[in-house]
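First up is the structure itself, then whatever we jot down about it.
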Protein chains: 4
Amino acid sequence: MTIRVGVLGAQGKVGQAICAAVRAADDLELVATVDKDDALTAFTDANTEVVVDFTHPDVVMGNLKFLVQHGIHAVVGTTGFDDGRLAEVRGWLAESRETGVLIAPNFAIGAVLCMRFAEQAARFFESAEVVELHHPNKADAPSGTAYRTAGLIAEARAKAGVGRSPDATSTELDGARGADVDGVRVHSVRLAGLVAHQEVLFGTQGETLTIRHDSIDRNSFAPGVLLGVRSIAARPGLTVGLDPFLDL
Amino acid sequence: MTIRVGVLGAQGKVGQAICAAVRAADDLELVATVDKDDALTAFTDANTEVVVDFTHPDVVMGNLKFLVQHGIHAVVGTTGFDDGRLAEVRGWLAESRETGVLIAPNFAIGAVLCMRFAEQAARFFESAEVVELHHPNKADAPSGTAYRTAGLIAEARAKAGVGRSPDATSTELDGARGADVDGVRVHSVRLAGLVAHQEVLFGTQGETLTIRHDSIDRNSFAPGVLLGVRSIAARPGLTVGLDPFLDL
Amino acid sequence: MTIRVGVLGAQGKVGQAICAAVRAADDLELVATVDKDDALTAFTDANTEVVVDFTHPDVVMGNLKFLVQHGIHAVVGTTGFDDGRLAEVRGWLAESRETGVLIAPNFAIGAVLCMRFAEQAARFFESAEVVELHHPNKADAPSGTAYRTAGLIAEARAKAGVGRSPDATSTELDGARGADVDGVRVHSVRLAGLVAHQEVLFGTQGETLTIRHDSIDRNSFAPGVLLGVRSIAARPGLTVGLDPFLDL
Amino acid sequence: MTIRVGVLGAQGKVGQAICAAVRAADDLELVATVDKDDALTAFTDANTEVVVDFTHPDVVMGNLKFLVQHGIHAVVGTTGFDDGRLAEVRGWLAESRETGVLIAPNFAIGAVLCMRFAEQAARFFESAEVVELHHPNKADAPSGTAYRTAGLIAEARAKAGVGRSPDATSTELDGARGADVDGVRVHSVRLAGLVAHQEVLFGTQGETLTIRHDSIDRNSFAPGVLLGVRSIAARPGLTVGLDPFLDL
């Protein structure tokens with residue numbers, strides 16, 4: 001039996017890619033698409049089970065309220081969720097106990113796994129550093145993902161009582177050793193011809209472990225979204241971040 | 001309080017490295033070392049809590065029997081354990097219920113994590129391949145570790161119902177696509193200047209995840225052995241493989 | 001002073017990308033574009049100095065004859081040039097001694113440099129292998145570029161009297177050691193999420209050198225084409241391959 | 001016919017490795033070894049053609065004067081040569097026109113090729129950055145080799161009129177973008193388990209080129225020293241740096 005899927009923001013670039021991915025999947029059926037001028041009732045009319053929302057912070061709360069109230073599960077990539085918004089969503093879900101909502105800042109499975117493995121490996125190695133590499137039009141350095149990864153590493157090490165990575169540097173040209181994020185050094189490369197890449201390096205006596213994620217295409221969110229669509233019915237309530245869906 | 005540690009095969013190359021590592025650790029105390037002509041009673045005399053055994057298949061069973069009967073935990077890197085030998089060890093342990101024995105074929109934490117992460121990631125990607133790179137004096141291709149890694153990947157994919165990696169190759173120069181291990185392609189590079197390296201590659205639409213382990217030193221077993229020494233008292237009975245000690 | 005540039009096959013995907021690249025360059029001026037139904041005289045009318053031809057084997061010879069006879073330089077990415085065709089082009093050029101024609105199978109500068117550096121480094125290392133990695137829709141393994149690279153390495157080593165790479169493999173799972181191209185092992189990885197990548201590995205006692213080329217975009221020919229456009233006037237006669245234009 | 005080779009500082013760690021390498025080479029014969037208490041006349045007595053000197057700045061000038069005056073070629077890895085010393089050596093060589101002296105700061109062929117290829121590739125790419133990775137006991141960041149490599153890249157780009165690498169970074173955590181060496185960003189990773197590694201990254205539209213050198217062993221100077229020994233007779237006068245011997 002297939003899952004009946006709807007897409008919000010279906011005309012947008014991301015929305016179109018998701019529609020295509022749903023259509024290409026044997027176990028999913030695209031039963032309703034809605035864009036800004038369409039009524040949300042298209043979803044209830046079509047008996048939709050799961051709706052994917054990649055829209056805009058201005059409209060996503062209205063969308064979610066409607067979906068939850070009608071018992072339709074939601075997989076959400078729209079940004080702008082702060083604690084207040086998350087609490088509001090939890091409130092709606094309390095009234096619709098079998099409905100599930102997944103809100104994730106990053107649906108690229110490789111990025112999520114990279115962070116997760118980095119967190120798991122962190123306490124077993126003397127040294128840990130992060131190198132992230134992006135196209136030269138990126139405004140922030142380090143990337144949000146690298147910053148978060150370094151923070152997770154630092155936290156895991158602190159919890160396990162692992163000290164700082166050894167570093168005998170006594171003469172440094174300003175900036176050579178990178179940025180310090182909670183004691184973990186992060187280096188940002190900006191290079192024409194790249195898209196979005198991250199390498200987490202761990203080392204101890206005689207061996208190193210490297211976990212690298214390369215993203216070369218904006219469509220790398222699609223497999224993660226489909227994973228959410230397939231699993232959300234089994235996870236009622238609010239889930240933030242794709243990790244729990246990976247069942248690691 | 002420190003753990004009282006003994007080392008068997010203490011004069012060997014590996015044994016010496018382990019003695020050095022134990023001496024360098026603040027929470028461990030090296031209280032007895034035994035080599036081929038020494039009596040095992042040195043361990044009981046010294047009130048040893050954990051003994052590390054990197055000796056030889058010919059003597060390891062005698063060593064283990066003595067240790068278990070005296071309630072001394074053992075961390076074993078000696079090879080040659082088949083099902084019969086493991087059953088014998090379990091038998092001894094049944095009579096000494098608080099004693100723990102860890103027998104592991106590979107103590108390099110990075111190698112163990114690389115395999116484990118590969119197994120966890122396997123079902124999320126369309127494609128999976130393994131490239132292992134070693135010094136040119138190696139006799140077997142692929143390496144045992146690569147063979148095992150590919151097998152674990154294949155098993156995880158089969159269990160999750162993931163099909164074979166896509167591959168449109170229709171014209172192949174013999175061997176170009178590597179060896180086929182349960183449907184996972186494995187490539188063996190042999191190059192002067194290398195020691196032991198492995199790269200596991202996963203890919204799906206627009207993104208790839210790479211997990212790489214580099215070992216450049218025979219001492220890369222030391223951190224894994226110390227982890228075993230520190231954790232074995234909390235794990236009575238027989239444990240095969242370092243994985244369970246990583247608490248992932 | 002700017003160079004007056006024309007483009008043949010201007011409506012095609014590649015042609016459009018070249019037009020965009022020419023327009024974006026300060027030192028080049030796009031003065032004429034011609035597609036299949038347009039007259040070649042558009043180039044003479046516009047006083048064109050250099051024409052870029054990414055068209056089809058069926059029409060490229062007619063294009064080139066016209067251009068050479070009118071003293072217009074040509075930069076050609078169209079395929080299908082055998083020895084007979086090259087001789088014919090040389091014949092036309094003999095009558096128009098100041099005109100230059102560049103015909104190249106690969107305009108990606110990184111790919112050309114990767115091959116060139118591989119050739120230069122080949123004789124200094126005991127071991128050499130090639131790993132190429134492509135999307136899983138590729139029909140041939142190894143790639144044409146990897147095959148050519150391995151051949152160049154083998155030739156350079158033979159010329160310098162360097163023997164085969166050492167290899168003690170005595171137990172091999174079929175295909176593990178890759179394909180043998182003139183004594184150089186070549187491994188072909190096929191992975192979803194990749195485009196076109198190549199890694200050349202050299203090793204000797206205690207050190208390795210790796211040269212890697214990553215191409216993630218079909219537009220990677222543009223910088224090489226512009227290099228040809230800028231340099232062709234200084235290189236009358238026929239040049240095959242981009243290498244000589246790199247002045248290494 | 002074999003070349004008759006002598007080694008100075010033969011008892012030192014490096015000297016021993018060189019003696020072993022000479023003995024292992026079919027075309028070389030180790031005819032004399034000299035340590036601090038031995039007379040240099042051992043070389044003339046043994047009819048030595050080439051002497052390798054890895055000694056100490058305090059004694060190397062005396063050694064070289066003796067060798068040049070007796071028409072014995074020298075391959076020198078000893079440090080501490082400033083302009084004054086080089087001028088002095090040139091003075092001696094003016095009196096012994098057929099004698100050759102090679103003085104090189106780095107005999108690892110891979111490191112020399114990495115720098116050379118980086119210099120050659122520099123002007124063809126919009127972007128260039130350097131990442132160097134070393135063991136955590138290193139005192140300086142970036143490494144001397146990385147600093148020199150970045151300088152060579154900057155010089156090659158300036159000469160070709162290539163502007164700065166594009167970089168839209170507007171929000172930077174201090175140090176994230178690395179050190180600025182003449183406009184080329186250099187990042188220094190310090191990690192347990194590493195020895196000495198360097199990666200030069202170049203990028204332009206849709207493609208990147210990476211040149212990586214890994215050194216995992218102090219003996220990586222041996223092949224470069226042997227290359228010098230074999231070639232020095234054909235290069236009378238003073239040569240500084242191994243590059244010219246590579247005939248690229």
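The values are calculated or read from the model by the stated rules, or taken from the named source; none is laboratory data. All values reported here derive from a predicted model rather than from experimental measurement. Every residue, glycine among them, receives a Cβ derived from its backbone with ideal geometry; neighbour counts consider all protein chains shown.
Brief remarks on what is shown
- Odd one out for D:THR48 among (1) in a loop (DSSP other than H, G, I, E, B); (2) over 22 Å from D:GLY237 (Cα atoms); (3) more than 20 Å from the chain's Cα centre (by Cα): (2)
- If you go through region D:182-201 and pick out every residue that is of a type in the set (A, V, I, L, M, F, W, C) and in contact with a helix residue (DSSP H, G or I) (Cβ under 7 Å, 6 or more places away or on another chain), you end up with 3.
- D:THR79 meets all of the listed conditions (1) of a type in the set (S, T, N, Q); (2) touching a His at 6+ places or on another chain (Cβ under 7 Å); (3) under 24 Å from D:ALA222 (Cβ atoms) but one, namely (2).
- Within region A:27-41, the residues that satisfy the criterion of being loosely packed, with under 15 Cβ neighbours inside 10 Å and either more than 22 Å from A:ARG235 (Cα to Cα) or in contact with a His (Cβ under 6 Å, 6 or more places away or on another chain) (or both) are A:ASP35, A:LYS36, A:ASP37, A:ASP38, A:ALA39, A:THR41.
- The set of residues from region C:218-232 being touching a strand residue (DSSP E or B) at 6+ places or on another chain (Cβ under 7 Å) and within 8 Å of chain D (Cβ to nearest Cβ) comprises C:SER220, C:PRO223.
- Taken together, the residues in region B:53-82 that are modelled with pLDDT of 95 or more, assigned to a helix (DSSP H, G or I) and exposed (fewer than 14 other Cβ atoms within 10 Å of the Cβ) amount to 2.
- Among the residues of region C:80-95, the one identified as closer than 20 Å to C:PHE245 by Cβ and out of contact with any Leu (no Cβ under 9 Å at 6 or more places or on another chain) is C:PHE81.
- With respect to the conditions (1) surrounded by 14 or more Cβ atoms within 10 Å (Cβ to Cβ); (2) among the β-branched types (Val, Ile, Thr); (3) touching an Asp or Glu at 6+ places or on another chain (Cβ under 7 Å), C:THR44 falls short on a single one, namely (3).
- Residue selected from region A:233-243 under the condition more than 14 Å from chain B (Cβ to nearest Cβ) and in a helix (DSSP H, G or I), by the criterion surrounded by the most Cβ atoms within 10 Å (Cβ to Cβ): A:ALA233
- Given (1) outside any helix (DSSP H, G or I); (2) within 20 Å of the chain's Cα centre (by Cα), index of the condition C:LEU86 fails: (1)
- Flag for C:GLY228 being within 30 Å of C:VAL68 (Cβ to Cβ) and modelled with pLDDT of 95 or more: yes
- In region A:4-15, the residues that are touching a residue at least 24 places away in the same chain (Cβ under 8 Å) and outside any loop (DSSP other than H, G, I, E, B) form Cβ pairs under 8 Å with partners that are of a type in the set (D, E, K, R) and buried (at least 24 other Cβ atoms within 10 Å of the Cβ), at six or more places apart or across chains, as follows: A:LEU8/A:ASP53.
- Counting only strands (runs of 3 or more DSSP E) that fall entirely inside region B:98-215 and contain at least 2 residues that are more than 14 Å from chain A (Cβ to nearest Cβ) and under 30 Å from B:VAL50 (Cα atoms), the qualifying elements are B:100-103.
- When residues in region B:16-33 are screened for being within 25 Å of B:ASP217 (Cα to Cα) and in a strand (DSSP E or B), 4 of them pass.
- Evaluation of A:ALA139 against (1) aliphatic (A, V, I, L, M); (2) under 23 Å from B:CYS114 (Cα atoms); (3) modelled with pLDDT under 95 (one fails), failing number: (2)
- Boolean, A:ASN106 is farther than 30 Å from B:VAL112 by Cα and not acidic (Asp, Glu): no
- Residue check for A:ARG164: over 30 Å from A:HIS73 (Cβ atoms) and in contact with a strand residue (DSSP E or B) (Cβ under 8 Å, 6 or more places away or on another chain): no
- Options C:THR55, C:THR48: the member that is within 22 Å of C:ARG97 (Cα to Cα) and of a type in the set (Val, Ile, Thr): C:THR48
- A single member of A:ALA94, A:ALA128 is over 17 Å from the mean Cα position of the chain (by Cα), surrounded by fewer than 23 Cβ atoms within 10 Å (Cβ to Cβ), small (Gly, Ala, Ser) and at negative phi, and it is A:ALA94.
- Residues in region C:138-187 that are in contact with a Pro (Cβ under 8 Å, 6 or more places away or on another chain) and surrounded by fewer than 22 Cβ atoms within 10 Å (Cβ to Cβ): C:SER165, C:PRO166, C:ASP167, C:ALA168, C:LEU173, C:VAL181.
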